[in-house]
1. Note the angle between two axes, namely the Cα long axis of helix 17-32 and the longest principal axis of the Cα atoms of the chain, as a number of degrees from 0 to 90, rounded to the nearest 10.
2. Please give me, ordered by residue number, the trypsin sites (Lys or Arg not before Pro) of the range 317-374 that lie in loop per DSSP and have at most 16 other Cβ atoms within 10 Å.
3. Could you pull out every one of the lysines with an alpha carbon less than 24 Å from that of residue 184, ignoring same-chain neighbours closer than 8 positions?
4. Report, in deg cm²/dmol and to the nearest 500, the calculated mean residue ellipticity at 222 nm for the chain, where each DSSP H run with n ≥ 4 adds -39500 (n - 2.57) and the sum is divided by the residue count.
5. Among the chymotrypsin sites (Phe, Trp or Tyr not before Pro) within the range 3-32, which fall in a DSSP loop and have no more than 10 other Cβ atoms within 10 Å of their own Cβ?
6. Could you tell me how far the Cα centroid of the range 57-107 sits from the Cα centroid of the range 25-56, in Å?
7. How many Å³ per residue does the convex hull of the Cα positions in the chain occupy?
8. Sum up the lysine pairs in the range 299-422 that clear both bars: alpha-carbon distance under 17 Å and a spacing of 8 or more or different chains.
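The values are calculated or read from the model by the stated rules, or taken from the named source; none is laboratory data. Predicted model, so just to flag it, every value in this text is computed and none were measured. Note: ideal-geometry Cβ built from the backbone for every residue, glycine included; neighbour counts use all protein chains shown. Side chains are part of the model used for accessible areas, which takes the heavy atoms of the whole protein and leaves out ligands, DNA and RNA. Shrake-Rupley method; radii C 1.70, N 1.55, O 1.52, S 1.80 Å.
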Amino acid sequence: KTKYSKLIFRKSDTVPEELHQMVQESFLALREHNCFFQDLVRIKGKHFLTPVSRILIGNPGCTYKYLNTRLFTVPWPTESYDIKYCSPQIHDACKALMRLNDYLHIETVKALQGQNLFENKEIKDTSVIDGKQRFATSFTEQGSVSKDQSSVCVSEDDKSLKNRTSYNLTLLNYMDPLQMLYLKQEPYFGMGNMAVSWHHDENLVERSAVAVYSYSCEDSAVQESNEQELKGRDPAVWHVGLKVAWDIETPGLAVPLHQGDVYLMLDDLNMTHQHCVLAGLSPRFSSTHRVADSSRGTLEYILGQCELALQNLQTDSDSMALSLKSLEAAVVKQVEEIHNEVEFEWLRQFWFQGKRYLKCTDWWLKPMAKLEEFWRKLEIMTSLVLSEVRKEQQIEEQRNETISCFLLLLKERQKLRKEWTAR
């Protein structure tokens with residue numbers, strides 16, 4: 001009740017039957033069209049293929065980055081966007097997952113409001129106990145609230161609640177454990193095979209919720225196993241595991257997941273706790289809805305950065321020759337940082353793995369062509385800086401400052417190009 005109070009579990013019979021049918025058909029259609037892919041991720045300088053296959057679906061122009069890999073959304077049908085899908089089934093699947101996203105958003109808001117009311121009621125109730133007891137218990141209660149509840153009971157305005165529950169994408173996962181030659185064992189509590197190791201979800205809005213819809217393709221073998229009396233967790237059934245971060249003294253939690261079950265990780269649970277996914281025997285899909293931090297991860301953001309950089313480029317009206325407006329170190333630094341961001345966070349990330357999404361839609365091709373156009377202009381701007389700093393008439397102090405910050409970013413670019421070539 002104190003250590004895992006922000007985990008909310010909902011059995012499948014609480015979810016509308018029509019929604020189950022739509023979502024489960026979507027999973028199967030996406031698998032049929034080969035839309036799930038293993039990601040090549042980087043951990044501690046080494047590259048690994050994920051055992052789980054994934055696809056990202058969400059708001060047009062949104063991306064999600066984890067373990068040095070940027071995923072690009074297959075956009076769900078959104079008004080005012082022209083999105084062409086490779087088949088009607090893929091369109092229907094994206095539409096169904098948008099419906100699920102709306103449903104989970106409403107359920108998350110309700111759950112958070114309900115928990116706030118519960119916490120506030122508990123505080124009210126404790127205020128009526130006698131003075132001596134109140135004095136004796138106030139320190140321990142305050143401690144448990146600050147440590148375990150992390151201020152969930154603090155009232156918040158509707159805007160904050162909306163920001164932390166408005167899921168802008170879902171990361172779909174698929175795995176057939178019987179196809180995996182080796183699965184890592186859960187190391188702390190003996191929970192068995194892990195499909196996904198202990199982790200916090202990355203790149204999310206602070207204290208935002210995560211909602212997960214689980215669909216395991218259970219067969220008769222799994223059902224039989226459920227009927228047996230077993231100690232500990234049933235290895236045939238998929239589970240979500242939770243533990244308090246950096247704490248193996250507090251017992252871990254393993255919650256069984258059946259067809260259509262939903263769980264919510266509210267408020268700061270993703271920060272204070274780690275979670276893992278424990279493999280069952282049957283193939284399993286999940287739809288994990290998140291509020292991805294979009295401050296630097298949207299198409300709108302990176303196009304805006306490009307426009308900002310190109311403000312330092314001017315064209316002579318007579319000769320059409322290009323030149324730089326300013327050679328100030330701060331301006332050059334900003335432009336070259338944007339240059340690196342466009343190349344390594346967007347273009348190389350997309351063409352390395354993002355082009356596989358062409359199986360679903362070609363929506364990203366036009367934006368990428370536009371970014372490549374910007375990148376070519378940024379390359380010209382780099383050449384112009386080199387030409388200018390070679391000229392003798394530059395004030396030496398300003399010239400040295402410009403060269404100093406410019407060289408740092410060129411070295412970074414060279415290093416990253418080598419890394420990407422090796423990758």
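1. Once rounded, one gets 50 degrees.
2. 325
3. Reachable lysines: 44, 46, 65, 231, 243.
4. Result for the chain, helices only: -13000 deg cm²/dmol.
5. none
6. 16
7. For the chain, the hull spanned by Cα atoms encloses 203 Å³ per residue.
8. Qualifying lysine pairs in the range 299-422: 7.
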